[in-house]
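K.L.:
Dropping a structure here in structure tokens format, bear with me for questions.
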Amino acid sequence: MNFGFTEEQELLRAEVRKFLDQNAPLEEVRKIVETPEGFDRHLWNRMGELGWIGLAMPEAHGGVGLDFVTLVVLLEETGRSLFPSPLLSTVIAAHAIQSLGDEAQQARWLPGLADGRAIGSLALLEDNDSLDPADMALRGKADGDDWILSGSKRIVPDAGVADCFVVAFRSGSSPDAISLAVVDKDSVGLSVSDHPVMDLTKRSGQLQLAELRVKSDAILGEAGAAADAVRSLVDLGATLVAAEAVGAAEAALEITTRFAKEREQFDSKIGRFQGVKHPLAEMYVDVESFRSLVYYAAWCLDQGASEAPAASRAASQAKAYAAEAFARIGIDGVQLHGGVGYTDEYDIQLYLKRSKWARPAFGDSDYHYDRLAAQGGL
Amino acid sequence: MDFKLSPEEEAFRDEVRAFLDENLPPDGERGPEFGAEWNRKVREKRWVGFSWPEEVGGGGGSLMEQVILKDEMAKRKAPSLGSCFMGLAWVGPSLIEYGTEAQKQRFVPDILDGKYQWCTGYSEPGSGSDLASLQCKCTRDGDEYVVNGQKIWTSIAMWSKWMILLVRTDTTGAAKHDGITCLLVEMDSPGLEVRPIKNMSGSSMFAEVFFTDVRVPVENRLGEEGQGWQVTISALAHERSGIAEFHGLMRNLDRLKDLAKRSMKNGRPASEDPGLRRRLVRAETKVEAMRLNGMRFLTKQLKGEKLSSETSINKLHRALLEIELGEIALEIQGSAAPLWQGAAPVADDGHWQRFALGWPEVVIGGGTPNIQKNIIAERILGLPKD
Ligand SMILES: Cc1cc2nc3c(=O)[nH]c(=O)nc-3n(C[C@H](O)[C@H](O)[C@H](O)COP(=O)(O)OP(=O)(O)OC[C@H]3O[C@@H](n4cnc5c(N)ncnc54)[C@H](O)[C@@H]3O)c2cc1C
């Protein structure tokens, strides 16, 4: 029994932290997010070379072939430093291709995604803002072996910089008749636009598909049979978002604790007041607790089909707890700083904004609690 | 990360399962003789005091084996292992660490056999959270100590044969922790009086205990004079295993889900109320976090590291969940919630009403949430003491 990390994983953590501390401290992050693309191509490519983007992608296709538990270590660190990059989007899109795509499809897309030459993104959400395959309406019409897609995807992470999109579309009338297509950013009929965003470290945009033709070799798996895969991708996405939240929430706690040890009022460090120290203790309890849930969810995901129901449950628990707790940590973090917390200059507000991004990503707490209730015998 | 058991651990788990198959009838089919029979059998297996060294009659179980035993017992809703609750929780561990040979031989086997109960005389009217300020006076007179003062909130004092007692032997005002001594006191000692206190559920589980010139032989001192604080701390630390007390919460959650399906609220089964559904699974999520936190602590212990204040994380969860489950239980029952045992609309013979008034035992009894938060903030986050 060992619910901890291996020495290699701890080494990776130290290496990633060092890399990010050196290359992307928060002063740097603030500059990077103001650039048109919102991320640093040079650092991105180096991460590709280091094998971090392809960490959990198959070795046969340019990845490193490690597990999700190891990926969680990487994401805790990118979360901690609010590192702006399309890492999460690319990893999730790659996993869609890896889990449903055939050899040829994997060979076509994964190597580029693994080394950072290409950026991917999974496009699920539409106007009804639902992660449930049954609610997805973007229409696909069969035309011989091809599919013609029309509709829109309303909120797509890193849309503006993605080279390819994994697009979920409706290929039949039964609720589960959903397919996944890989759509190149240059496809005829595709228009991509960026959204203005609250958390500048997490870009997003939208897609319009007008009679966009997809060849059969870009459909992942069998047409109409991707609903379960979509659900698994939501499990994965929820877990990975929560993993970044562990790192970010922990950093917010550290920043606020440090402030409470320095700032003085009423002739005392404010950290002496229980109105300050108790919320900090609660933050600690919450971070440690959803950390445990995240680690376990990643482990369950790594077990594959044998633990699929457990993985789905664990992912929901991790994300539900993380979304709620991180949001409160963001607010308490700013509040405990007093006036300076509200300034652009102080960093704590960056974490508050990140918590706003993390809350709905791959389902907010209510979404996951409802899922848990339905699956848990209620 | 790996949750697999080693072959030896698996063999132990199978042994536990086989024992349960043979000796544990399903809940509800356990006859009047079952309790005594069960106690004898688990004692024979050395599963009472399973973590204690074999020399004193314990089971010498490894940490992992303790976890397995606890898990398997909980899964099958087995009764507790042993019946001398405080004896098993901290009196025994204190005796093992600080007791003389004679004390160990005299007391430990009885604790394991559950011959009688022990109670705990720590809190006083003026010393609760700030336990080290305790004032119960104790002077030495030859081979005896003479105790004068009062204890309060002493659980099961009226049914106990012995008490583990903290007194102040040094009143010179030196550091307050150093003047405290631990004594083992027989409850029928002359001058010792027990007055039960009625709690808000209407029952009396704890009492005030008054000491008037109570004489305690020096041989019944546990540890050295002035060492009482240390004895207490290490006994309480024994509680700090990585194994979280989540089993009871889990069991209650399952029962609450069932209750929600059976209870009508606002014209439909309570289990269909979206708010209640969310609260139930939210509580369940926290219990799961407790379980997994416990596994992380256990991993740390298995690597040979000592646990410290992080165990306050689960204590805090446990306290807040205890309150929340009681609230959920009442809200499920809607308008019947404020009724009491005997009222027709009340479910399960009033169990949940009593349950909803029972949280102080956990929430206040084991160190209040505020104190747990102080511990985390000061010892883990390094914030200044208040
Ligand atoms: C059911 C039950 C069983 C018990 N059984 C036993 C037993 O068997 N033996 C025994 O010795 N004791 C027992 N106790 C006593 C228990 O340990 C004390 O009640 C507990 O330590 C709190 O002390 P107090 O009641 O004096 O409250 P106080 O310490 O007076 O606390 C009152 C309030 O003030 C808060 N407070 C106190 N200090 C601080 C601080 N520094 N910062 C912030 N808030 C603070 C507390 O959180 C609490 O909300 C039992 C209690 C209960 C409820």
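K.L.:
Go through A:360-369, B:337-346, B:59-68, B:279-288 and give me the packing order, highest mean Cβ count within 10 Å leading.
P.N.:
The peptides rank, most packed first, as B:279-288, A:360-369, B:59-68, B:337-346.
K.L.:
Please get the size of the charge dipole for the protein assembly as shown, origin at its Cα centre, with Cβ charges of +1 on Lys and Arg and -1 on Asp and Glu, quoted in debye to the nearest 20.
P.N.:
Magnitude of the dipole: close to 1520 debye.
K.L.:
Next question. Under 25 Å from the Cα of B:LYS115, which lysines turn up, not counting those fewer than eight places away in the same chain?
P.N.:
Cross-link targets: B:LYS41, B:LYS45, B:LYS70, B:LYS77, B:LYS104, B:LYS151, B:LYS161.
K.L.:
Springs between alpha-carbon pairs under 10 angstrom, Gaussian network model over chain B: which of B:GLY142, B:GLY367, B:GLY294 fluctuates most?
P.N.:
Evaluated over chain B, the most mobile residue of the options is B:GLY142.
K.L.:
Where a ≥ b ≥ c are the square roots of the eigenvalues of the C-alpha gyration tensor, would you call the range B:184-343 rounded, which needs a/c under 1.5, or, failing that, prolate if a/b is larger than b/c, or oblate?
P.N.:
Cα axes put the range B:184-343 in the oblate bin.
K.L.:
Let me ask you something else. Considering only A:PHE83, A:THR70, A:ALA308, whose Cα is most displaced toward the positive end of the charge dipole of chain A, charges sitting on Cβ of Lys, Arg (+1) and Asp, Glu (-1)?
P.N.:
Final value for the positive-end residue is A:PHE83.
K.L.:
Additional query: Sort B:ASP71, A:ASP332, B:ASP349 from largest to smallest accessible area, using a 1.4 Å probe on the heavy atoms of the protein chains.
P.N.:
B:ASP349, B:ASP71, A:ASP332
K.L.:
So how long is each side of the protein assembly as shown along the principal axes, counting just the alpha-carbon atoms, biggest first, in Å?
P.N.:
100, 63, 53
K.L.:
Net charge within 12 Å of A:THR90 by Cβ-Cβ distance, Lys/Arg positive one each and Asp/Glu negative one each, not counting A:THR90 itself?
P.N.:
-2
K.L.:
OK, next. May I ask for the distance between the Cα centers of the range A:237-259 and the range A:1-25, given as a whole number of Å?
P.N.:
15 Å
K.L.:
While we're looking at this one, here's another question. Between A:GLY338, A:GLY54, A:GLY330, which gets the highest mean-square fluctuation from a Gaussian network model of chain A, Cα cutoff 10 Å?
P.N.:
Highest fluctuation among the options: A:GLY338.
K.L.:
Note down the nm distance, to one decimal, between modelled labels 7 Å out along Cα→Cβ at B:ARG262 and at A:LYS261.
P.N.:
Here the answer is 5.3 nm between the modelled labels.
K.L.:
Under a 5 Å amide H to amide H cut-off, with H placed in plane at 1.01 Å, what residues pair with B:GLU144 once short-range neighbours are removed?
P.N.:
B:VAL218
K.L.:
Additional query: What is the extension gain from A:ASP102 to A:SER173, computed as 0.36 nm multiplied by their sequence separation minus the C-alpha to C-alpha distance, in nm to one decimal?
P.N.:
23.0 nm
K.L.:
Next question. May I ask you to give the solvent-accessible area per residue for the protein assembly as shown, in square angstrom, as obtained with a 1.4 angstrom probe?
P.N.:
Ligands and nucleic acids excluded, the figure is 43 Å² per residue.
K.L.:
Rounded if a/c is under 1.5, else prolate if a/b beats b/c, else oblate: with a ≥ b ≥ c from the C-alpha gyration tensor eigenvalues square-rooted, which is the range A:120-220?
P.N.:
oblate
K.L.:
If the elastic network links every pair of Cα atoms under 10 Å, which of B:LYS137, B:LYS161, B:LYS303 fluctuates the most in the Gaussian network model of chain B?
P.N.:
Among B:LYS137, B:LYS161, B:LYS303, the largest mean-square fluctuation in the Gaussian network model of chain B belongs to B:LYS303.
K.L.:
Tell me whether the range B:7-83 comes out rounded, prolate or oblate; compute the Cα gyration tensor, take square roots of the eigenvalues as a ≥ b ≥ c, and use a/c under 1.5 as the rounded threshold.
P.N.:
oblate
K.L.:
Now for a different question. When you look at the Cβ of every residue in B:292-300, what mean number of other chain Cβ atoms sits within 10 Å?
P.N.:
Across the residues of B:292-300, the mean count of other-chain Cβ atoms within 10 Å is 6.
K.L.:
Roughly speaking, what is the centre-to-centre gap between the range A:284-363 and the range B:154-176 when only Cα atoms are used, to the nearest Å?
P.N.:
45 Å
K.L.:
Same structure, new question: Which aspartates and glutamates, on any chain, are close to B:LYS265 with Cα under 17 Å apart, when same-chain ones fewer than 8 places away are left out?
P.N.:
Of all the aspartates and glutamates, those that pass the test against B:LYS265 - Cα under 17 Å, at least 8 places apart if same chain - are B:ASP273, B:GLU327, B:GLU331, B:ASP348.
K.L.:
Take every residue in peptide B:311-317, count the Cβ atoms of other chains within 10 Å of its Cβ, and give the average of those counts.
P.N.:
Going residue by residue through B:311-317 and averaging, the value is 3.
K.L.:
Restricting the calculation to Cα positions, tell me the Rg (one decimal) and the Dmax (whole number) of chain B in Å.
P.N.:
22.4, 74
K.L.:
Once both labels are modelled 7 Å past Cα along the beta-carbon direction, what's the B:LYS41-B:ASP14 spacing in nm?
P.N.:
2.0 nm
K.L.:
For chain B, with only Lys/Arg (+1) and Asp/Glu (-1) charged at the beta-carbon, what is the dipole magnitude about the Cα centre, in debye rounded to 20?
P.N.:
Using only the charged Cβ atoms, the result is roughly 1260 debye.
K.L.:
Quick one: if you stick a label point 7 Å off each Cα along the C-beta vector at B:SER204 and B:ASN370, how many nm between them?
P.N.:
2.9 nm
K.L.:
Moving to a separate point now. By the scheme Lys and Arg +1, Asp and Glu -1, what is the net charge of all other residues having a beta-carbon under 9 Å from that of A:ASP163?
P.N.:
Summing Lys and Arg as +1 and Asp and Glu as -1 gives 0.
K.L.:
A further question on this structure: Please tell me which of these pairs span more than 26 angstrom C-alpha to C-alpha: A:LYS356/B:LYS261; B:LYS257/B:LYS315; B:LYS4/B:LYS300?
P.N.:
A:LYS356/B:LYS261, as the Cα separations exceed 26 Å there.
K.L.:
Antiparallel versus total DSSP beta bridges in chain B: what percent is that, nearest 5?
P.N.:
Looking only at bridges with both residues in chain B, the antiparallel portion is about 85 percent.
K.L.:
Can you give the calculated 222 nm mean residue ellipticity of chain B, where each DSSP H run of n ≥ 4 adds -39,500 (n - 2.57) and the sum is split over every residue, rounded to the nearest 500 deg cm²/dmol?
P.N.:
-13000 deg cm²/dmol
K.L.:
Continuing with the same structure: Post the alpha-carbon centroid distance, the range B:71-99 to the range B:1-68, in whole angstrom.
P.N.:
12 Å
K.L.:
Taking the radius of gyration and the Kirkwood hydrodynamic radius from Cα positions alone, what is the Rg/Rh ratio for the range A:227-375, to two decimal places?
P.N.:
Looking at the range A:227-375, the ratio lands at 1.07.
K.L.:
Okay, next question. Return the calculated 222 nm mean residue ellipticity for chain A, to the nearest 500 deg cm²/dmol, obtained by summing -39500 (n - 2.57) across DSSP H runs with n ≥ 4 and dividing by the residue count.
P.N.:
Per the formula, -17000 deg cm²/dmol.
The values are calculated or read from the model by the stated rules, or taken from the named source; none is laboratory data. Just so it is clear, the model here is predicted, and its values are computed rather than measured. Methodologically, a virtual Cβ is constructed for each residue, glycine included, from the backbone with ideal geometry; neighbour enumeration extends over all protein chains shown. We work out accessible area using only protein heavy atoms, side chains counted, and drop any ligands, DNA or RNA first. Shrake-Rupley method; radii C 1.70, N 1.55, O 1.52, S 1.80 Å.
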